[in-house]
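Enquirer: Take this structure first; my questions come after.
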Amino acid sequence: MSHPLESLIQKYEPKTLNDFENALKELIQEIALSGLARAHFFDSAAFYGGTALRIFYGLPRFSEDLDFTLLQPKSTFSLQHYFSSILDMLQSFGFEIIFDEVKKSQNTHIESAYLKANIKTHLLKLKSAKDIVKKVHSNQAMHVKFEVDTLPPLGFESEVKTLFPPITAAIRILKPSSLFSGKIHAALFRSWKQRVKGRDFYDILWFLGRNIPVKLSYLEQKIEYTKAYKRTQHLRAEDVISLLEQKLRSVNWEDARQDIIRFLNNPSEVSSWSENFFLNAIQNLKFEP
């Protein structure tokens, strides 16, 4: 008798270890969302970020984290209230998961936690992974990070989308133009540390390809909230273009490609990336108030 995960993972047609890991992570993400919905989390929060784009809008890359914003600020919010519902849902599908809450420092409004799972333990449940599992170290782990902004800027718009069977749930999610604003903000002001986040630029191209506008008022609120850029007037479309042009001229495009490749089924998608390629692309940005 096959394990419940076997039928769920087949839609991904995984072949490599990276394929299996991406597929398992995405299943964990979807099931965790269902657990959150069951605990009424989306009465007071909305889903955003790359994983939201992937699951609900068809972004053709895998993503690692689950990012949320509260609908109204609440400094006393705690993810721990939702742990049991998430774990119960994951266990019902055969996942063996540990939830690890990150201790919140006094100067942050981000509530964080990690779902941790042993990769080999889960590959051993899958007949389709019998040739892959031999290559996996017994202690190799995968992680799905949760982040909730508990004191967020509130200029976004949201809607309720359906997560379809076999993991059915109603999930509140930011609308595409608000999601694009968040992505522009991340591309401009995210701390790169050791590696540029090529996934931000990949996502910008995806938005552009669908003629989705940037919600300018929400981007302005996010910039104001994070104090990322000093302005003497309201944010204008030409300001955003100028900031993006400056950022694009600072990117190491080989590093950007290396960041995104592991999340793609077809790495050749990013072979043409260059400064001029993106400088030309962003001239097609559209904005809404």
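The values are calculated or read from the model by the stated rules, or taken from the named source; none is laboratory data. None of the values given here were measured: they were computed from a predicted structure. For neighbour counting, all protein chains shown are included, and Cβ atoms are generated from backbone atoms with ideal geometry for every residue, glycine included.
Enquirer: Only one residue in Ser268, Ser181 is within 26 Å of Phe56 (Cα to Cα), of a type in the set (Ser, Thr, Tyr) and touching a strand residue (DSSP E or B) at 6+ places or on another chain (Cβ under 9 Å), so which one is that?
Expert: Values: Ser268 fails: touching a strand residue (DSSP E or B) at 6+ places or on another chain (Cβ under 9 Å).
After applying the criteria, what remains is Ser181.
Enquirer: Considering each of Lys11, Lys74 in turn, give the residue that is of a type in the set (Lys, Arg) and under 21 Å from the mean Cα position of the chain (by Cα). Steps first, please.
Expert: Values: Lys74 fails: under 21 Å from the mean Cα position of the chain (by Cα).
Exactly one of Lys11, Lys74 is of a type in the set (Lys, Arg) and under 21 Å from the mean Cα position of the chain (by Cα), namely Lys11.
Enquirer: Among the residues of the range 154-178 satisfying the criterion of being assigned to a loop (DSSP other than H, G, I, E, B) and either crowded, with 17+ Cβ neighbours inside 10 Å or among the basic types (Lys, Arg) (or both), which is modelled with the lowest pLDDT? Let's see the steps before the verdict.
Expert: Taking the range 154-178 first, the residues assigned to a loop (DSSP other than H, G, I, E, B) are 154-157, 164-168, 175.
Now drop any that are not either crowded, with 17+ Cβ neighbours inside 10 Å or among the basic types (Lys, Arg) (or both), which leaves 155-156, 167, 175.
Values: Gly155: 94, Phe156: 97, Ile167: 86, Lys175: 98.
Residue satisfying both the conditions and the ranking: Ile167.
Enquirer: Would you pick out the residues in the range 183-222 that are under 17 Å from Tyr48 (Cα atoms) and in contact with a His (Cβ under 8 Å, 6 or more places away or on another chain)?
Expert: Leu219, Lys222
Enquirer: Can you tell me which residues in the range 59-101 are among the hydroxyl-bearing types (Ser, Thr, Tyr) and either in contact with a Gly (Cβ under 9 Å, 6 or more places away or on another chain) or closer than 30 Å to Phe207 by Cα (or both)?
Expert: Step one: filter the range 59-101 for residues among the hydroxyl-bearing types (Ser, Thr, Tyr), giving 63, 69, 75-76, 78, 82, 84-85, 92.
Hits for the range 59-101 are Ser63, Thr69, Tyr82, Ser84, Ser85.
Enquirer: Condition (residue is part of a helix (DSSP H, G or I), more than 19 Å from Pro165 (Cα to Cα) and in contact (Cβ under 8 Å) with a residue 60 or more places away in the chain) applied to the range 10-17: is it met by at least one residue?
Expert: Yes, because at least one residue in the range 10-17 is part of a helix (DSSP H, G or I), more than 19 Å from Pro165 (Cα to Cα) and in contact (Cβ under 8 Å) with a residue 60 or more places away in the chain.
Enquirer: So which residues in the range 159-177 are farther than 20 Å from Gly209 by Cβ and touching an Asp or Glu at 6+ places or on another chain (Cβ under 8 Å)?
Expert: Within the range 159-177, Leu163, Ile167, Arg172 meet the criteria.
Enquirer: Let me ask something additional. Give the residue that is farthest from Leu154 (Cα to Cα), with candidates limited to residues of the range 244-270 that are modelled with pLDDT of 95 or more and more than 23 Å from the chain's Cα centre (by Cα).
Expert: Out of the qualifying residues, it is Arg249.
Enquirer: Here is a list: Tyr12, Tyr82, Tyr114. Which entry is closer than 18 Å to Ile171 by Cα, of a type in the set (Phe, Trp, Tyr) and surrounded by 14 or more Cβ atoms within 10 Å (Cβ to Cβ)?
Expert: Tyr82
Enquirer: Is there a residue in the range 261-280 that is surrounded by 16 or more Cβ atoms within 10 Å (Cβ to Cβ) and under 20 Å from Leu219 (Cβ atoms)?
Expert: We begin by selecting, within the range 261-280, every residue surrounded by 16 or more Cβ atoms within 10 Å (Cβ to Cβ); these are 261, 263-264, 269-270, 273, 278.
Now drop any that are not under 20 Å from Leu219 (Cβ atoms), which leaves 278.
Within the range 261-280, one or more residues are surrounded by 16 or more Cβ atoms within 10 Å (Cβ to Cβ) and under 20 Å from Leu219 (Cβ atoms).
Enquirer: Taking the condition of being of a type in the set (A, V, I, L, M, F, W, C) and over 24 Å from Arg54 (Cα atoms), how many residues in the range 252-288 meet it? Don't jump to the end; show me each part of the working.
Expert: To start, the set of residues in the range 252-288 that are of a type in the set (A, V, I, L, M, F, W, C) comprises 253, 256, 260-261, 263-264, 270, 273, 277-279, 281-282, 285, 287.
Adding the requirement that they be over 24 Å from Arg54 (Cα atoms) leaves 279.
Counting residues in the range 252-288 that are of a type in the set (A, V, I, L, M, F, W, C) and over 24 Å from Arg54 (Cα atoms) gives 1.
Enquirer: Scanning for something without any contact (Cβ under 8 Å) to a residue 40 or more places away in the chain, out of contact with any His (no Cβ under 7 Å at 6 or more places or on another chain) and farther than 21 Å from His143 by Cβ, does the range 59-75 turn up at least one residue? Please lay out each step first, then the result.
Expert: In the first step, residues of the range 59-75 are kept if they are without any contact (Cβ under 8 Å) to a residue 40 or more places away in the chain; the result is none.
No, there is no match, as no residue in the range 59-75 is without any contact (Cβ under 8 Å) to a residue 40 or more places away in the chain, out of contact with any His (no Cβ under 7 Å at 6 or more places or on another chain) and farther than 21 Å from His143 by Cβ.
Enquirer: I'd like to check something: does the range 125-132 contain any residue that is out of contact with any Pro (no Cβ under 8 Å at 6 or more places or on another chain) and closer than 26 Å to Ser84 by Cα?
Expert: Yes - at least one qualifying residue is present in the range 125-132.
Enquirer: Moving to a separate point now. What do you reckon, is Leu126 crowded, with 17+ Cβ neighbours inside 10 Å, in the same structural domain as Met89 (by TED's automatic domain parsing), at pLDDT 90 or above and out of contact with any Gly (no Cβ under 8 Å at 6 or more places or on another chain)?
Expert: Numbers: crowded, with 17+ Cβ neighbours inside 10 Å: yes; in the same structural domain as Met89 (by TED's automatic domain parsing): yes; at pLDDT 90 or above: yes; out of contact with any Gly (no Cβ under 8 Å at 6 or more places or on another chain): yes.
Taking the combined requirement at face value, the residue satisfies it.
Enquirer: Separate question: What number of residues in the range 237-289 are part of a helix (DSSP H, G or I) and over 23 Å from Ala23 (Cα atoms)? Talk me through it step by step, then tell me what you get.
Expert: In the first step, residues of the range 237-289 are kept if they are part of a helix (DSSP H, G or I); the result is 237-248, 253-261, 267-270, 275-284.
With the extra rule that they be over 23 Å from Ala23 (Cα atoms), the set shrinks to 237-248, 253-255, 275-284.
Total meeting the criteria: 25.
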